[in-house]
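> I have a structure here, written as structure tokens, and I will follow up with some questions on it.
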Amino acid sequence: MISKNYKIYNKSCYGLSELENESIDALITDPPYGISYQNHYWDKDLPKREIWEDTLRVLKEGS
Ligand SMILES: C[S@@+](CC[C@H](N)C(=O)[O-])C[C@H]1O[C@@H](n2cnc3c(N)ncnc32)[C@H](O)[C@@H]1O
């Protein structure tokens with residue numbers, strides 16, 4: 001039997017600085033869309049550019 005160790009992070013997308021470059025296999029997210037969905041405060045704005053820059057940095061190529 002092949003055994004592999006995986007690690008799951010469940011956290012804010014801000015602050016991925018502790019993660020190494022190209023170290024993540026998959027990032028699953030359902031971010032705010034900036035459409036004020038049902039007038040929710042968290043949907044007033046889109047996520048900051050920093051999130052997507054960090055995301056691209058930590059994801060492995062082809063992930
Ligand atoms: C489109 S909703 C996703 C709802 C979720 N998929 C559900 O079914 O309950 C966006 C969610 O992102 C959360 N959110 C906003 N900023 C966040 C951040 N920096 N990190 C993690 N979650 C955040 C909001 O609180 C909101 O619940």
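> Against the conditions (1) at pLDDT 90 or above; (2) within 10 Å of the ligand (Cβ to nearest atom); (3) not hydrophobic (A, V, I, L, M, F, W, C), where does S23 fall short? Just the number, please.
(2)
> Follow-up question, since we're still on this one. Could you check, for region 47-61, whether at least one of its residues is charged (D, E, K, R), assigned to a loop (DSSP other than H, G, I, E, B) and surrounded by 10 or more Cβ atoms within 10 Å (Cβ to Cβ)?
Scanning region 47-61, I find at least one residue that is charged (D, E, K, R), assigned to a loop (DSSP other than H, G, I, E, B) and surrounded by 10 or more Cβ atoms within 10 Å (Cβ to Cβ), so the answer is yes.
> Kindly indicate whether any position in region 23-32 is surrounded by 11 or more Cβ atoms within 10 Å (Cβ to Cβ) and in a helix (DSSP H, G or I).
no
> Pick from region 26-53 the residues that are touching a helix residue (DSSP H, G or I) at 6+ places or on another chain (Cβ under 6 Å) and of a type in the set (S, T, Y): which of them is farthest from the ligand (Cβ to nearest atom)?
S36
> Would you mind stating whether S12 is among the hydroxyl-bearing types (S, T, Y), in a loop (DSSP other than H, G, I, E, B) and near the ligand (Cβ under 9 Å from one of its atoms)?
yes
> Give all pairs with beta carbons closer than 6 Å in which a residue from region 24-45 that is free of Cβ contacts under 8 Å to residues at least 60 places away in the same chain meets a residue that is more than 9 Å from the ligand (Cβ to nearest atom) and of a type in the set (D, E); count only pairs at least 6 apart in sequence or on separate chains.
Qualifying pairs under 6 Å: G34/D45.
The values are calculated or read from the model by the stated rules, or taken from the named source; none is laboratory data. Since this is a predicted model, take the numbers as computed values, not measurements. Every residue, glycine as well, gets a Cβ built from its backbone with ideal geometry; the counts of neighbours run over all protein chains shown.
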